[in-house]
Amino acid sequence: ALGVGGLLGSLLAWRLGVWLGPQQDVIAHAKAVGKGATFSAPLKLGAKGALLAWPVAALVVHLGITALFGPRDPEPYGESPAA
């Protein structure tokens, strides 16, 4: 659930950023602004693996915390006698 939720959150944030960002037609926007003017262009996500960064990080942190603070299995033969 943690990985799937993180992936869905990443997808939602990416699509919301594209939707709220500048126009998608860069050439038409550049012509409308005029020569020599500065304007914002949309960002393109070429590395789709970047969407997995937060879900994988969340899973690694969860695994580490579980390993450090989770319950331990009892020793199979009990405690060894003191020498």
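The values are calculated or read from the model by the stated rules, or taken from the named source; none is laboratory data. Please read these numbers as outputs of a predicted model, since none were measured by experiment. Please note: Cβ atoms are built from the backbone with ideal geometry, for glycine as well, and neighbour counts cover all protein chains shown. Remember, those area values only see protein heavy atoms, side chains included, never the ligands or the DNA or RNA. Shrake-Rupley method; radii C 1.70, N 1.55, O 1.52, S 1.80 Å.
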Rounded FRET efficiency, nearest 0.05, which uses the C-beta distance separating residue 2 from residue 48 and R0 of 25 Å: 0.80
Derived scalar couplings ³J(HN,Hα) [segment 2-13; Karplus, 6.51 cos²θ - 1.76 cosθ + 1.60; whole Hz; x for Gly, Pro]: 5, x, 5, x, x, 5, 5, x, 5, 4, 4, 5
Farthest towards the positive end of the dipole of the chain, among 58, 37, 8 and with Cβ unit charges of +1 on Lys and Arg and -1 on Asp and Glu, lies the Cα of 37
Nearest 0.05, what FRET efficiency do residue 69 and residue 13 give at R0 = 35 Å with Cβ-Cβ as r? 0.75
Per residue, what volume in Å³ does the Cα convex hull of the chain take up? 159
Neighbour net charge for residue 25 - beta-carbon separation under 15 angstrom, K R +1, D E -1: +2
Using a 1.4 Å probe, what is the accessible area per residue for the chain, in Å²? 87
Given 0.36 nm per residue, what is the gain on full extension from residue 59 to residue 38 after removing their alpha carbon distance, in nm? 3.4 nm
Accessible surface of the chain [probe 1.4 Å, protein heavy atoms]: carbon and sulfur percent: 69
